[in-house]
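Scroll down for the structure; my scribbles are underneath it.
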Amino acid sequence: MVETVYGSSADEGIRAAARLLHDFNVEYEEPVPPPDVLAVRLSGLVADGQITVLLARAREGGAPVGVAVMRVQPSILSLGQEVYLAELYVEPDRRGQGYGRELMIEAMRVARERGAEYAYLITSEDDRLAQRLYEASGFRRTEGAGGPLMVAYEREL
């Protein structure tokens, strides 16, 4: 079961999403604030309509096991909307059980409902499990494997 999360940083859904996002970044050795700080940030972005947070719950017992965070935004190249799937994470011991697929299906449903005509995401070259999920969900790789290699850059301001 996948639900859209709303509410304050004290709400269980927001807290669960923040914990999962924290765990995701820790797993991939990325800097991340503590879950309580993330919960405040998430609740503010959700309340402002800047992001949508989806939470996957275990079929047995309903414990939170996965999270997706997406931004629906105006497209630069068309009059429609586009969706950026910024985060998608399933707890390691729950991978391969369909939770990622459920999150993807719901994310694309919500995106279409909000007028998005195009979806994009980024993953690391070595995350083969994520790549299989994205390709099985209809995404196509647009770089490498016959296309130009794209390089991501970032900097602090």
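Values for this structure:
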| read-out | value |
| --- | --- |
| Any strands (runs of 3 or more DSSP E) falling wholly within the range 57-157 and containing at least 3 residues that are in contact with a Leu (Cβ under 8 Å, 6 or more places away or on another chain), surrounded by 15 or more Cβ atoms within 10 Å (Cβ to Cβ) and touching a residue at least 24 places away in the same chain (Cβ under 8 Å) | 64-74, 81-90 |
| Failed item in (1) at pLDDT 95 or above; (2) more than 20 Å from Ala130 (Cβ to Cβ), with Val53 passing the rest | (2) |
| Unique residue being within 20 Å of Gly138 (Cα to Cα) and not aromatic (Phe, Trp, Tyr) when the list is Ala63, Ala68 | Ala68 |
| Residue that is farthest from Met70 (Cα to Cα) [pool: residues in the range 122-157 that are at pLDDT 70 or above and aliphatic (A, V, I, L, M)] | Leu157 |
| Residues satisfying the stated conditions in the range 1-25, i.e. modelled with pLDDT under 95, in a helix (DSSP H, G or I) and either surrounded by fewer than 14 Cβ atoms within 10 Å (Cβ to Cβ) or among the basic types (Lys, Arg) (or both) | Glu12 |
| Flag for Leu54 being under 14 Å from the mean Cα position of the chain (by Cα) and touching a residue at least 12 places away in the same chain (Cβ under 8 Å) | yes |
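The values are calculated or read from the model by the stated rules, or taken from the named source; none is laboratory data. Owing to the predicted nature of the structure, the values given are computational and were not obtained by experimental measurement. Every residue, glycine among them, receives a Cβ derived from its backbone with ideal geometry; neighbour counts consider all protein chains shown.
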